[in-house]
Each structure stands twice: as C-alpha cells, then as structure tokens.
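The values are calculated or read from the model by the stated rules, or taken from the named source; none is laboratory data. A quick note: this is a predicted structure, and the numbers were derived from the prediction, not measured. Heads up, the Cβs are rebuilt from the backbone with ideal geometry, glycines too, and the neighbour counts pull from every protein chain shown.
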Amino acid sequence: MKTYLYDLIAHSCIAFAGVTDFVANLLIFLTVKVFTFNKVTYAHLCMWLLKRVDGNRVKEEQSETEHLKVQLELALMQAAIRIKESAEADDSWTDDHSEALNMVGVRLIEECQWDSVSVHSYFKPLVESIEGLEYEE
C-alpha cells in the first residue's frame with residue numbers, strides 16, 4: 001500500500017509539474033505574440049502618420065538608410081581586401097587574419113543579410129589569390 005501511495009504521489013507531482021510548465025510556456029508565448037503584434041501595429045501607425053505629415057521626408061530618410069546599408073556593405077568588403085593585403089605584406093596568413101575575416105563574414109551575414117554561400121563565394125577567390133593558400137569553408 002505504501003508503494004502504491006508513493007508511486008501515485010510521485011507520478012502526480014511529475015504530471016502536475018509538466019502541466020505547469022506547459023501552461024507557463026503557453027502564457028509566455030501568448031504574451032510575446034500579443035506584445036509583438038502591438039509593437040508592429042504601433043510601428044505601422046507611426047509610419048502612416050509620418051507619411052501623412054511629410055511623405056517626401058520619409059522617402060528621403062528611407063533612401064538614406066538604404067544608402068548607409070550599402071556603405072556598410074562596401075566597407076566590410078574593403079575590410080576583407082585589407083585583411084588579404086595585410087597577409088600579403090606579412091608574407092603569411094595567421095590565425096589573426098582568419099579571425100578578422102571571420103568577423104567580417106559574420107557582420108556581412110548579420111548586418112547586410114548575406115547568406116553564408118555568398119560570403120564564402122566572395123572570400124574564396126580573395127584568399128586563394130594569395131600564393132599557396134587554399135580557402136576552407
């Protein structure tokens with residue numbers, strides 16, 4: 001009888017903990033969804049108001065933002081070239097060069113929305129232009 005009662009209590013406690021976790025996760029999920037929906041709705045409302053007040057300025061600022069993204073992308077591509085030139089000047093490719101190139105690649109992916117295939121396609125001829133080096137993905 002003790003064993004049965006013990007097992008019943010143990011299984012009930014485990015089941016209750018599982019249900020509690022499920023309910024908590026569901027509440028968190030719903031809360032995040034509601035707040036995200038509110039934030040997106042608020043952003044759309046703000047853009048609508050800004051366009052009504054001064055649509056030309058909104059277009060100019062959007063164009064400027066796009067221009068800044070392009071400038072960042074070009075700066076990162078130039079940084080990769082400078083890393084290659086640094087390795088050529090030192091006559092050796094070091095771990096520092098690899099880490100720096102990796103950081104450039106991460107920023108291209110995260111901030112410029114490149115995919116990893118594009119990053120590797122850009123880096124491979126760059127690295128392999130140095131005599132004796134092979135690019136490993």
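For region 1-13, filtering for residues that are hydrophobic (A, V, I, L, M, F, W, C) and surrounded by 10 or more Cβ atoms within 10 Å (Cβ to Cβ) leaves 4.
Please tell me if H97 is within 23 Å of the chain's Cα centre (by Cα), closer than 30 Å to V127 by Cβ and either charged (D, E, K, R) or surrounded by 11 or more Cβ atoms within 10 Å (Cβ to Cβ) (or both).
Details: within 23 Å of the chain's Cα centre (by Cα): yes; closer than 30 Å to V127 by Cβ: yes; either charged (D, E, K, R) or surrounded by 11 or more Cβ atoms within 10 Å (Cβ to Cβ) (or both): yes.
Criteria met by H97.
Evaluating G105 against the criteria (1) outside any helix (DSSP H, G or I); (2) at pLDDT 90 or above leaves one unmet condition, (1).
Restricting attention to region 74-106 and to residues that are touching a residue at least 40 places away in the same chain (Cβ under 8 Å) and not basic (K, R), the residue that is farthest from V117 (Cα to Cα) turns out to be E88.
Looking at A75, A89, can you tell me which residue is at pLDDT 95 or above and part of a helix (DSSP H, G or I)? Let's see the steps before the verdict.
Numbers: A89 fails: at pLDDT 95 or above.
Testing whether each residue is at pLDDT 95 or above and part of a helix (DSSP H, G or I) leaves just A75.
If you filter region 108-131 down to residues that are among the charged types (D, E, K, R) and assigned to a loop (DSSP other than H, G, I, E, B), you find that the one that is surrounded by the fewest Cβ atoms within 10 Å (Cβ to Cβ) is E131.
Name the one entry in F35, F22 that is without any contact (Cβ under 8 Å) to a residue 60 or more places away in the chain, surrounded by 10 or more Cβ atoms within 10 Å (Cβ to Cβ) and closer than 30 Å to R107 by Cα. Spell out how you get there, then give the answer.
On the way: F22 fails: closer than 30 Å to R107 by Cα.
Of F35, F22, the one residue that is without any contact (Cβ under 8 Å) to a residue 60 or more places away in the chain, surrounded by 10 or more Cβ atoms within 10 Å (Cβ to Cβ) and closer than 30 Å to R107 by Cα is F35.
Here E134 meets the list (1) among the acidic types (D, E); (2) outside any helix (DSSP H, G or I); (3) touching a residue at least 24 places away in the same chain (Cβ under 8 Å) almost entirely, failing just condition (3).
From the list E64, E136, E73, pick out the single residue that is more than 19 Å from the chain's Cα centre (by Cα) and farther than 30 Å from L49 by Cα. Lay out the reasoning, then the answer.
Details: E64 fails: farther than 30 Å from L49 by Cα; E73 fails: more than 19 Å from the chain's Cα centre (by Cα).
On inspection, the qualifying residue turns out to be E136.
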